[in-house]
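Before any comments, here is the structure.
All of the numbers you see were taken from the coordinates with simple rules; none came from a lab. Note that this is a predicted model, so its numbers are computed, not measured. Quick reminder, even Gly has a Cβ in these numbers, built from the backbone with ideal geometry, and neighbours come from all protein chains shown.
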């Protein structure tokens, strides 16, 4: 006799109820689960089959049932499989979204460069104070665990840690529960000494594994916040303006537009004062980038749903057509808002 979907649902209901109450579970209790829609008599028959198959036991006559070791094993294996499937599905969705957003931003940078005749740059969307959404530990091979860290925005980071002790499936499940209960929704700054100490106390002999996982989580968040993608277009447009096309000036400006760290500084220098859709204009020395002292830079912030934010910048001569640039950016911000609000509905 194999477990069909109905038996699996009843077995899970028995185990979940027993985990919550610690009391043997009867058919009337299970019949109250709204998604089962089964009579007590039908549930009793199914429970008899589950008992015959060894998944549940009756501690004494007239009592309800409790899970056997075989029942727990099935429950744990199913739980781990479901979580791994969730991570796989989430990863596939994230890859699709990242590819789509990257293509969109590249197209926007090119469109702005053509429409304005200036150089344009767009920073890829990022979170500030990135929060943890989900952590999954899985066995890769003996002595190695895969740590899947899901950050706010469904950004997924994978890493491998080495473990000296042999871990059972129950050990891994308990560590997953501990990590998620303790860390979900926290930023790296909120994972303080009290949180870490409490987790290590609960982990007991597995405290070193908690340390290793926390190190990987911190690295995942750090690299996510530092790994800023910047898309540039129209750099050769600067040669159209005599005041910028001088050999040395042009060379320095083009070098800057190819230097990620300098552009990152330009796009994030006033981050504390930025507001969504706010447009900033920097003229000459108002920007901290030395090679842009003969330029004006106009920036605007965008948001792509879920709080993912970035910045668009347009670089041209001080005599740039400010009216056209500001109007173009405002129109673009409104279009992005409309597009991603529709997706969220």
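Computed over region 5-67, the Cα gyration tensor eigenvalues convert (square root of 5λ each) into semi-axes of 15, 13, 11 Å, ordered from largest to smallest. Ordering 162, 198, 65 from the fewest to the most neighbouring beta carbons within 10 Å gives 162, 198, 65.
What does the highest-first list of 312-323, 20-31 look like by mean Cβ count within 10 Å?
Values: 312-323: 19.0, 20-31: 15.9.
The densest-packed peptide leads the list: 312-323, 20-31.
Distance between the modelled labels on residue 236 and residue 52, one decimal in nanometres: 7.9 nm (7 Å Cα→Cβ projection).
Given the alpha-carbon gyration tensor of region 132-226, what are the semi-axes of its equivalent ellipsoid in whole angstrom, ordered largest first, with each equal to the square root of 5 times an eigenvalue? Show your work: numbers first, answer last.
Details: eigenvalues 80, 50, 25 Å².
Working through the eigenvalues yields semi-axes of 20, 16, 11 Å.
Placing pseudo-labels 7 Å out from each Cα toward the beta carbon at residue 201 and residue 82 gives an inter-label distance of 3.1 nm. Annotation: the residues 69, 169, sorted from fewest to most other C-beta atoms within 10 Å of their own C-beta, follow the order 69, 169.
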